[in-house]
1. Is it fair to say LEU150 is in contact with a helix residue (DSSP H, G or I) (Cβ under 9 Å, 6 or more places away or on another chain) and not assigned by TED's automatic domain parsing to the domain that holds ALA92?
2. Name every residue in segment 195-228 that is of a type in the set (A, V, I, L, M) and farther than 22 Å from GLY152 by Cα, in order of residue number.
3. Being in contact (Cβ under 8 Å) with a residue 40 or more places away in the chain and either surrounded by 15 or more Cβ atoms within 10 Å (Cβ to Cβ) or out of contact with any Pro (no Cβ under 7 Å at 6 or more places or on another chain) (or both): is that true of PRO204 here?
4. Answer yes if at least one residue in segment 174-190 is farther than 30 Å from ALA126 by Cβ and in contact (Cβ under 8 Å) with a residue 24 or more places away in the chain, and no otherwise.
5. Report whether or not LYS135 is touching a strand residue (DSSP E or B) at 6+ places or on another chain (Cβ under 8 Å), farther than 20 Å from MET201 by Cα and without any contact (Cβ under 8 Å) to a residue 40 or more places away in the chain.
6. Provide a single number: the residues in segment 84-93 that are farther than 21 Å from PRO34 by Cα, surrounded by 21 or more Cβ atoms within 10 Å (Cβ to Cβ) and among the hydrophobic types (A, V, I, L, M, F, W, C).
7. Within segment 108-124, does at least one residue satisfy the condition of being of a type outside the set (A, V, I, L, M, F, W, C) and in contact with a Phe, Trp or Tyr (Cβ under 9 Å, 6 or more places away or on another chain)?
8. If ARG79 satisfies all but one of (1) outside the structural domain of MET201 (by TED's automatic domain parsing); (2) in contact with a Phe, Trp or Tyr (Cβ under 9 Å, 6 or more places away or on another chain); (3) at pLDDT 95 or above, what's the number of the condition it fails?
Amino acid sequence: MGWSIRIYVAQFLSFLLMIVGVTSGGQAAPLPLPFGQAEAPKIALVRYVTRGEFFTSYLAGVRHQAEALGAELLEFDARQQPALQSRMIDEAIAKGVSGIILQHGRGKWLTEAVERALSANIPVVAFDVDMKHEKIPQIEQSDSVLSELLIGQMLKDKGYRFKVGYISVPGPAPLERRDMVWQDFKEANEGVQEVANFGSMKQPIARYIANQARAVLTANPDIEVIFAPYDEFARGAKIAVKEAGLADQIRIYSADITDSDIAEMREEGSPWVATAATNPLLLGKICVRSVAMLMAGEDPGHKIVVAPRLITQEQLNELDIQSLKDLARKVPAFADQPIAQPVWMP
């Protein structure tokens, strides 16, 4: 499939995914068990990655929806340690939780602990960690559409011939899904030259990426594009690009969005020109909605995909968008999607 056609398909899929899901409507229905009781059910959020504004907004969505359901939220931070995340699942089981949300992680490390949860009749949902289990709903952004939207904007801005520095790391499920699209695109377009490939997940991510990008730009001063499909990568790349005085030459394309990302994209002369993203607040809410449906004996679906939106620097400036709240208000499709939202869900 030609890339111009694939971009139109990506845009159509983005629209289609926004209208697919379990829709709500009518009067609020009584809450099913275990909700609406004197004793609040417990939901565990077992997190692998927690630092960064995206994850702060995601957590706010989880807390907001749990509170709306009258559930007690137990939060666990594995600090990017797979073995610790596995132990925290067992700790959540011991605390008598009624549902577990896994937020990122390394699936193979979690398999045995997750089986113990399922054996105890505790439903589990997974956000951006592939558990490869028929009983575990997989919640994700449409990473393939996300990458295609960004590549489409690149082609619109730069044509089919440019030099690019690519930032990614193997391991995290969303980055690997985004990488598959990028590899297919490169293979089909010889005019796009990837002259550097680098990345790091060490904390603080942006600082490590900035250090790497400084060396890359010194060795490759003719780079025209940086594809950084994670906003922490883009933030670090932007630091290095501005320090090198190359902001007029290089365009940065990223993924995900936060209040700080919006401010950085709107800075005078910012090289960060586009991102593709879903609302992190919404992702957090959908994770709770999905596990709540399982707790109530309902099926949210096995693969729950949240549609991304392409957000450009030009759009942010034209609509004078200052924050995620602004973005949700002025671009309603970004605010919410009727996914995993039965009529009883508050």
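The values are calculated or read from the model by the stated rules, or taken from the named source; none is laboratory data. This is a predicted model, so every value here is computed, not measured. Heads up, the Cβs are rebuilt from the backbone with ideal geometry, glycines too, and the neighbour counts pull from every protein chain shown.
1. Answer is yes for this residue.
2. Taking segment 195-228 as the starting set, the residues that turn out to be of a type in the set (A, V, I, L, M) are 195-196, 201, 205-206, 209-210, 213, 215-217, 219, 223, 225-226, 228.
Answer for segment 195-228, where residues must be of a type in the set (A, V, I, L, M) and farther than 22 Å from GLY152 by Cα: MET201, ILE205, ALA206, ILE209, ALA210, ALA213, ALA215, VAL216, LEU217, ALA219.
3. Values: in contact (Cβ under 8 Å) with a residue 40 or more places away in the chain: yes; either surrounded by 15 or more Cβ atoms within 10 Å (Cβ to Cβ) or out of contact with any Pro (no Cβ under 7 Å at 6 or more places or on another chain) (or both): yes.
Taking the combined requirement at face value, the residue satisfies it.
4. So far as segment 174-190 goes, yes, one or more of its residues are farther than 30 Å from ALA126 by Cβ and in contact (Cβ under 8 Å) with a residue 24 or more places away in the chain.
5. On the way: touching a strand residue (DSSP E or B) at 6+ places or on another chain (Cβ under 8 Å): yes; farther than 20 Å from MET201 by Cα: yes; without any contact (Cβ under 8 Å) to a residue 40 or more places away in the chain: yes.
For LYS135, the condition - touching a strand residue (DSSP E or B) at 6+ places or on another chain (Cβ under 8 Å), farther than 20 Å from MET201 by Cα and without any contact (Cβ under 8 Å) to a residue 40 or more places away in the chain - is met.
6. Residues that pass the stated criteria total 1.
7. Let us first name the residues in segment 108-124 that are of a type outside the set (A, V, I, L, M, F, W, C), namely 108, 111-112, 115-116, 119, 121, 123.
Then drop every residue that is not in contact with a Phe, Trp or Tyr (Cβ under 9 Å, 6 or more places away or on another chain), which leaves none.
No, that holds for no residue.
8. Unmet condition: (3).
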